[in-house]
Amino acid sequence: MQAVRLVAAIAMLYLVWVLWGALMKTPVWQLGLVSCVLVLWLTLRMGLARNDLLGVHLLHRMPRYWVWLVWQMVLSNLQVLKLVLGPRSALQPRVVEFEAEAGSPFALALLGNSITITPGTLTIDIAQRKVTVHCLTRETADELLEGSMNRRIAQVDPD
Amino acid sequence: MNGILDIVSGLLMVSGALFVLAGGIGALRMPDFYTRIHGASLTDSLGPVLVLGGLMLQSGLSLVTLKLAAVLLFLMITSPTASYALANAALLSGLRPAGYAGTPGEQLEKGERS
């Protein structure tokens, strides 16, 4: 069973490598294969090949979340653009903490990264479900604590 | 049609470049470490989305567009992870942001386990 998984992983990696614009010349495609095996070996060595890491079964719920996230990014980018170019006195840095609604590793990683990728909020620590966020202004902190991002991620990964 | 597409993709790329520039300005202008990361984060959120979006319009429906989309996806996953790693490393090595009274989770967990 493990062998099947390893071969499947190498096949997937090689497919991606081919898609990335493979040169099917003699020393090159073998090198591609070698690099796939190398990646797999490094991944196993780091102990990252666990089943719970990637929420592949949740992928169908992601597009809707991404659309919302891109809109949030547009809003917060414009907000921070104003702060960057405006007077420094407009900054009111503060740290807030809240509990994540969904506690799976995938949901926590998604939450932390979503917070960080919207400028104005920066995840600085995640311990179990407690998320610590550095906010640039009172408004960004209030928006975050209002919790719509937290709720949406709990909808994406409801376990 | 081609003309309009060119104009739209040019506008996307230029505005993306402006966001990247603003990120650079932000990293220089902000007063302390954590706020500097906020300023610099302009560089890796909407900036690449706009630039790569403009490039995708240029390449049309082809394998190149798929590759650009993959680049964008990986950037959207890795750049906030890198920002988090930077901020968390600063926090764990003792640089406390203003108004932070808690204990960083990693230290807490280690303390509880031992």
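The values are calculated or read from the model by the stated rules, or taken from the named source; none is laboratory data. Note that the coordinates shown come from a computational prediction; the quantities given were computed from them, not determined experimentally. Virtual Cβ from ideal backbone geometry, glycine too; neighbours counted across all protein chains shown.
Some observations on this one:
- Test: residue in region B:1-17 that is outside any helix (DSSP H, G or I), at pLDDT below 90, of a type outside the set (Val, Ile, Thr) and under 18 Å from A:TRP71 (Cα atoms): no
- Total residues in region B:18-58, condition part of a loop (DSSP other than H, G, I, E, B) and β-branched (Val, Ile, Thr): 1
- Restricting region B:46-70 to residues that are more than 10 Å from chain A (Cβ to nearest Cβ) and loosely packed, with under 14 Cβ neighbours inside 10 Å leaves a set whose member that is modelled with the highest pLDDT is B:ALA69.
- Residue match in region A:19-36 (condition: closer than 29 Å to B:SER45 by Cβ, within 25 Å of the chain's Cα centre (by Cα), modelled with pLDDT of 85 or more and not β-branched (Val, Ile, Thr)): no
- Selection count, region A:80-95, where residues are surrounded by 18 or more Cβ atoms within 10 Å (Cβ to Cβ) and either more than 7 Å from chain B (Cβ to nearest Cβ) or among the β-branched types (Val, Ile, Thr) (or both): 4
- Scanning region A:96-113 for residues that are more than 10 Å from chain B (Cβ to nearest Cβ) and part of a helix (DSSP H, G or I) yields A:PRO105, A:PHE106, A:ALA107, A:LEU108, A:LEU111.
The rows are residues; the columns are (1) under 20 Å from A:LYS82 (Cβ atoms); (2) without any contact (Cβ under 8 Å) to a residue 24 or more places away in the chain; (3) not basic (Lys, Arg).
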site	(1), (2), (3)
A:PHE98	no, no, yes
A:GLU101	no, no, yes
A:SER104	no, no, yes
A:THR118	yes, no, yes
A:ASP125	no, yes, yes
A:VAL131	no, no, yes
A:LEU136	yes, no, yes
A:GLU139	yes, no, yes
